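*Asks:* Before I ask anything, here is the structure I am working with.
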Amino acid sequence: MSQQPRAFAPSQPARVERGLCGALRILLGVGLLLAPFQAFAQVGGQAPGGSSGGSGSASIFAGSMIEARTMVGATTFDKAADPTWNPSVGSALVLAPRVRLGAGLSLSALTTIAREFTQEDWTQASGETTLSDTFVTLGAPILASPELGLSLSASLQLRLPTSKISLSNSMLFGTLVGVTAAFSKRFAPFGWAQTVSLALIGRGGPFAHRYTTGSLESPWLGNCASLSEGCERYSHDGVRNPAFRWQGIAAFDWGPHPLVGVSLQGGVFYDTLSDSAPSRTTSGLLIAPDRSDPSARGIVFTAAYLNVTLTEELAVAAGVETAHEQLGPDSRFRSPFYNRFSSVLIALRLFPDALAGRVRAKAP
């Protein structure tokens, strides 16, 4: 039988596929229009907890995810929570593709497109849609024991400076090499099926920047254009960029029901800062670096999610995330669980491999 001309009405599977594609476009559009908060993606390059839906399928894209989330700063409605009140409301689109390369190898990526509705404090354009850094991770197995549910794997993560923050800090790239130890097991105590997973990740590696300090929007010396050396040396903020980073990350997932899961994530990062070089004044004098300036910077992040699976293709998650540097505006150590960088979120998660599988199953 010859193929039906294109001018004829489309078949039912074609209409289904077109409808699903339209729904996906709407989801992406909502994420962009509503889409500030890139701290979680900026800090770790880890996909949100419970986002590995469909990872048991045979598709080479199993575990890929698109997430549209709306977030509110936890201190938005609590003016007394911090010395300087910083309300924040916004949304974001998280893109986390994953590809199986064979022989146990996998390639994954993570980037976030975000927009804040309230007044932003790190970009000059109100209501601007911004991009986080892009993380690309290559994973390789080392050993595994399916009977015990244990595995050990290695990873190489490349961080690309696609965010305005990293570009202003003259970042070229970051490279982290790590090892992941994981445990995953199914249990059925008293006939009640449950799953428990635990992953411990250790990484370390250098960051490359063109300059040891971040760049300013405009030079701090107003008449530098008239100087023979130009304005370049007067266009940095003096805050040193990280030269090397250590990461320690833990992730715990509990599935008390096939459709319900609880995920906890946490991490501690330690940055060794670039050496502080002497600065030259307009008269040619060199000013020695401040010896009291710390040569390291600590960062902590925590996250907790409740995940509910609606279908194989779609899930809903609600939770709280906190990612921040260790000192607050008053130079006191921040609480790692509740501070001005804590965000409460609700997210809609789409798993493209499961969606494509349903479309293929309905095709003639």
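*Asks:* For a quick check of your reading of the filter: which chymotrypsin sites (Phe, Trp or Tyr not before Pro) in region 145-206 sit in a DSSP loop and have no more than 14 other Cβ atoms within 10 Å?
*Replies:* The qualifying sites are TRP192.
*Asks:* Still on this structure, please answer the following. Show the residues, 5+ positions off or on another chain, whose built amide H is closer than 5 Å to the amide H of ASN169.
*Replies:* For ASN169, the qualifying residues are SER215.
*Asks:* Moving on to the next point. What does the extension gain come out to for LEU138 and PHE77, with contour length at 0.36 nm per residue minus their alpha carbon separation? Walk me through the intermediate numbers first.
*Replies:* On the way: separation 61, 0.36 × 61 = 21.96 nm, distance 4.09 nm.
Using 0.36 nm per residue and subtracting the Cα-Cα distance, I get 17.9 nm.
*Asks:* What's the FRET efficiency of VAL262 with GLU128 using the Cβ-Cβ distance as r and R₀ = 30 Å, to the nearest 0.05? Walk me through the intermediate numbers first.
*Replies:* Working: r = 35 Å, r/R0 = 1.15.
That gives a FRET efficiency of 0.30.
Every read-out reported here was derived from the displayed coordinates using simple, explicitly stated rules and does not represent laboratory data. Predicted model, so just to flag it, every value in this text is computed and none were measured. All Cβ positions, even for glycine, are placed from backbone atoms using ideal geometry, and neighbour counts span all protein chains on display.
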